[in-house]
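Remarks on the structure that follows.
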Amino acid sequence: MAEFSWLAVDSLGNEQKGSMEANDQMRVYESLKSKGLIPIEVKEQSILNKDLDITIGKKVKPRELSIFCRQFVSIITAGVAIKEALSMLHEQTENKHLKKAIWEVMVELEGGSGLAEAMAMQDKIFPPILVNMVEAGENSGSLDTSFARVATHFEKEAHLKSMVQKATVYPIILVFVTIAVIIVMLTFVIPQFVTMFQDLDTQMPAVTLMVMGASDFLIHYWYILLAVVALIFAGLQMFIRTPDGRSIVDNIKIRIPIFGKLVKKTACAKMARTLSTLLAAGVPLVQALEMTATNMDNVHYKEAVLDAREEVMKGIPFSQPLQKAGHLFPPVTYHMISIGEDTGNLEGMMDKLADYYDEEVEMTTQSVMAAIEPLIIVVMAFVVGFIVIAVLLPMTTLYDTLSGVN
């Protein structure tokens, strides 16, 4: 399929433009006309005129998906047809990736596809859990309920992600501030004293010589340091993209002091929330586990959930493989799941477990921030203090020398 840019006017004479993937120009013209638009210009994009698609991170965030689902529920519960609801959402959506995906879904619906089938074709925008919830809603005739449930899921996921970011953003800022302070001191402050130190007819302390050497290297050979840092960063990125590298990094995340507990509780909360949402929609446990595994960020939790799926297919209760997974799942996880299995209310217990871990993540985030802030400040004070001492030592030596002469 090729990428086409189009320009059209609506019934009020307002110009609209966008892009669309299609087999040929005629398909684009037909799609525009079916939406009540009058095509003015349709042309295939080339390398020179292709729309830039520069995206950092996910194209559509959980918060945006939750808003999309909530708005869809509000519109269809008011009696608006699905196609018309999507048309309304397409007009008011600001995220260009989501806007384009909605348009593609509308095109597929015009071609006779079902809503879940059309959304599945936009797998880079709509995650599997949303597609499966829509499919379950279509089959049961409760599409609004499915969208409402998955909207709650995305809202919880966005809230969980924001709490984790709180625990990581501030320490990262402090680290960069520390690096900036060190660079300023080595490139602007220390050079002011170098000439004076060189005029001193005395032996410089080793600490001072070390700092002076670091300052000279940073001023004259900064590009080497920058190249080394860039190479290290690129090498780490390449290493993380390999299966072994991803496994090692994810294992470090789990075991790292202070942050390890936060990673574990976040993963458990995500697993419980996803399973609860899928089970509530009537998705079988085996299929729900497979979809949950694809939604897990940490490869070790992904493998643990897939292993549990294999055990469940053999007739073994879901709680048992989680217990055998070792340190990945705290005891409360498989104990609560075991109770849900015994009472026949696994869906409800997963929902309670998700709420429990949401609270745990929030409390752990506060604990992590309370522990990491003074630690980074102490490290920053130690580094800056080391440089200050290196500057003051020669002055003290000079003072002692002058006092001895007098």
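Looking at the range 287-343, the trypsin sites (Lys or Arg not before Pro) that sit in a DSSP loop and have at most 13 other Cβ atoms within 10 Å of their own Cβ are Lys314. Along the axis of the charge dipole computed for the range 273-406 (Cβ charges of +1 for Lys and Arg, -1 for Asp and Glu, origin at the Cα centre), the listed residues Gly344, Ile377, Met363 are led at the positive end by Ile377.
Within the straight-line cut-off of under 16 Å between alpha carbons, the lysines reachable from Lys302 are Lys253, Lys264, Lys265, Lys270, Lys324, sequence neighbours fewer than 8 places apart in one chain being disregarded. In the chain, helical runs assigned H by DSSP with n ≥ 4 each contribute -39500 (n - 2.57); averaged across all residues and rounded to the nearest 500, the mean residue ellipticity at 222 nm is -24500 deg cm²/dmol.
Computing the accessible area with a 1.4 Å probe over protein heavy atoms, can you report the carbon and sulfur percentage for the chain? The value for the chain is 61 percent carbon and sulfur by accessible area. In percent, what relative contact order does the range 122-251 have, based on Cα pairs under 8 Å that are 6 or more apart in sequence? The normalised contact order for the range 122-251 reaches 12 percent.
To the nearest 10, the accessible area of Asp307 is 100 Å² with a 1.4 Å probe.
Candidates Gln71, Ala136, Ala308 compared by Cα position along the dipole of the chain: farthest toward the positive end lies Ala308, with charges placed on Cβ. Relative contact order of the chain: 13 percent, from C-alpha pairs under 8 Å at least 6 residues apart in sequence. Over the chain, the pair-distance histogram of Cα-Cα distances with 20 Å bins from zero comes to 20, 39, 28, 11, 2, 0 percent, rounded to whole numbers. Output the DSSP H helices from the chain with an along-axis C-alpha extent of no less than 30 Å and a mean Kyte-Doolittle hydropathy no less than 0.0. Correct list, ordered by number: 143-184, 259-280, 346-405.
Taken per residue, the accessible surface of the range 268-406 reaches 49 Å², heavy atoms only and a 1.4 Å probe. Taken about its Cα centre, the range 258-372 carries a charge dipole of roughly 260 debye when the Cβ of each Lys and Arg holds +1 and the Cβ of each Asp and Glu holds -1. Near Arg246, once Lys and Arg are set to +1 and Asp and Glu to -1 for all other residues with Cβ below 13 Å from its Cβ, the sum equals -1.
In Å², what does the accessible area per residue of the range 128-257 work out to with a 1.4 Å probe? Could the numbers behind the result be given before it?
Values: 7980 Å² over 130 residues.
Value for the range 128-257: 61 Å² per residue.
Cross-link list Lys33/Lys100; Lys156/Lys314; Lys61/Lys261: which exceed 23 angstrom alpha carbon to alpha carbon? Display every interim value, and only then the final one.
Details: Lys33/Lys100 17 Å; Lys156/Lys314 32 Å; Lys61/Lys261 25 Å.
Beyond 23 Å between Cα atoms: Lys156/Lys314; Lys61/Lys261.
Contact order for the range 186-311, expressed relative to its length and based on alpha carbon pairs under 8 Å spaced 6+ residues apart, stands at 16 percent.
Annotation for the range 241-281 versus the range 112-133: alpha-carbon center distance of 25 Å.
Highest GNM mean-square fluctuation among Val388, Val150, Val368, for the chain modelled with Cα contacts below 10 Å: Val388.
Candidates Gln237, Val207, Leu160 compared by Cα position along the dipole of the chain: farthest toward the positive end lies Val207, with charges placed on Cβ.
The values are calculated or read from the model by the stated rules, or taken from the named source; none is laboratory data. Not measured: the values here are computed from a predicted model. Note that each Cβ is placed from the backbone with ideal geometry, even for glycine, and that neighbours are counted across all protein chains shown. Side chains included, ligands, DNA and RNA excluded: accessible areas come from the protein's heavy atoms. Shrake-Rupley method; radii C 1.70, N 1.55, O 1.52, S 1.80 Å.
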